[in-house]
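Peer 1: First, the structure itself, so that you have it in front of you.
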Amino acid sequence: MSLRILTHAERDLRGTMADLWPPFLAHDPVVSTFWPRLYEVYADFQLWVVDGKRTAAYACTLPVHWDGIPEERGLDWAMSNGVAGEPTTLCAVAAGVAPEYRGQGLAAALLRRMAGLGTAHGLDAMIAPVRPTWKERYPLTPIERYVLWRREDGYPYDPWLRTHERVGAEILSPAPRSMSISGPREDWEGWTGLQFPEDGEYVVPGALAPVRFENGAGTYVEPSVWLRHPV
């Protein structure tokens, strides 16, 4: 395996990796509106990891103006209010590793390279509204409690939070409203393959919290966890 890391400015590899996320996540209006700008305006801040002709991983970052206070809106804030003003900080907004490349240290190496983008662009730190990998296993547990779970070795219970901490990140606080997705019942049934016959809360595969249905429409508010990496 011979891996190389390229910026999007060097090569456009969109569409060369299978989608790693639940379909409903594509319907946050803030994120879906802003997402193309990541590649159009901030091409130097997007990374691709290639193994020969295969795309092994990717990472998306964004320069933001941050006053040091973690925002409850997490990803939605980064892609709206965060881009207003003079950039001070790098914000990591997404990272994905193809299943066949997981467990080989690639995620940690990618995080270090992402933080290196902050250094290269003169930014003071890298922050990230991190989507905890195993939170979907515990959708009924509030993110404020989940983020406190630790293993006997002292590292976070969640493997993605643990990877961040092992490369030097500090957990700041939860972002309880990182993404917000709403849609009629028919849309949610298409996104999930489930049926929602009555109003109420439902546990949906891939969701970190329940989806609430009221008057025939479903609303999902996804939490994340703010971390800060030195650069």
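Peer 1: What pairs come out if I take residues in region 1-15 that are on the phi < 0 side of the Ramachandran plot and in contact (Cβ under 8 Å) with a residue 40 or more places away in the chain and pair them with residues that are of a type in the set (Ser, Thr, Tyr) and part of a strand (DSSP E or B) whose C-beta lies under 7 Å away, six or more apart or interchain?
Peer 2: Leu13/Thr55
Peer 1: Let me ask something else. How about region 45-66: which of its residues are in contact (Cβ under 8 Å) with a residue 40 or more places away in the chain, outside any strand (DSSP E or B) and surrounded by fewer than 21 Cβ atoms within 10 Å (Cβ to Cβ)?
Peer 2: Listed by number, the list holds a single entry, Gly52.
Peer 1: Collect the residues in region 202-215 that are surrounded by 14 or more Cβ atoms within 10 Å (Cβ to Cβ) and among the charged types (D, E, K, R), keeping them in residue-number order.
Peer 2: Arg212, the sole residue that qualifies.
Peer 1: Could you list, in sequence order, all residues of region 109-137 that are over 20 Å from Ser178 (Cβ atoms), surrounded by fewer than 20 Cβ atoms within 10 Å (Cβ to Cβ) and within 15 Å of the chain's Cα centre (by Cα)?
Peer 2: Scanning region 109-137 gives no hits.
Peer 1: While we're on this one: Which of the residues belonging to region 195-217 are in a strand (DSSP E or B) and either within 18 Å of the chain's Cα centre (by Cα) or closer than 28 Å to Ala92 by Cα (or both)?
Peer 2: Val211
Peer 1: What pairs come out if I take residues in region 214-228 that are modelled with pLDDT under 95 and pair them with residues that are part of a strand (DSSP E or B) and surrounded by fewer than 23 Cβ atoms within 10 Å (Cβ to Cβ) whose C-beta lies under 9 Å away, six or more apart or interchain?
Peer 2: Gly216/Pro184
Peer 1: What number of residues within region 27-70 satisfy the criterion of being farther than 20 Å from Leu123 by Cα, out of contact with any Gly (no Cβ under 7 Å at 6 or more places or on another chain) and among the aromatic types (Phe, Trp, Tyr)?
Peer 2: 3
Peer 1: Is it the case, given these coordinates, that Arg145 is surrounded by fewer than 15 Cβ atoms within 10 Å (Cβ to Cβ) and either within 18 Å of Ala78 (Cβ to Cβ) or touching a strand residue (DSSP E or B) at 6+ places or on another chain (Cβ under 7 Å) (or both)?
Peer 2: no
Peer 1: Across region 67-105, which residue is surrounded by the most Cβ atoms within 10 Å (Cβ to Cβ) among those that are assigned to a helix (DSSP H, G or I) and in contact with a Cys (Cβ under 8 Å, 6 or more places away or on another chain)?
Peer 2: Ala78
Peer 1: So, Val31, is that one in contact (Cβ under 8 Å) with a residue 60 or more places away in the chain, under 25 Å from Ser173 (Cβ atoms) and surrounded by 21 or more Cβ atoms within 10 Å (Cβ to Cβ) or not?
Peer 2: yes
Peer 1: While we're on this one: Among the residues of region 112-164, what is the count of those that are outside any loop (DSSP other than H, G, I, E, B), in contact (Cβ under 8 Å) with a residue 60 or more places away in the chain and β-branched (Val, Ile, Thr)?
Peer 2: Here the count works out to 4.
Peer 1: Looking only at region 172-208, which residues are among the basic types (Lys, Arg) and touching a Leu at 6+ places or on another chain (Cβ under 6 Å)?
Peer 2: Scanning region 172-208 gives no hits.
Peer 1: Among the numbered criteria (1) in a loop (DSSP other than H, G, I, E, B); (2) at pLDDT below 95; (3) not aromatic (Phe, Trp, Tyr), which single criterion is violated by Ala109?
Peer 2: It fails just one condition, (1).
The values are calculated or read from the model by the stated rules, or taken from the named source; none is laboratory data. None of these values were measured; they are calculated from a predicted model. Ideal geometry is used to build each Cβ from the backbone, glycine not excepted, and the neighbour counts take in all protein chains shown.
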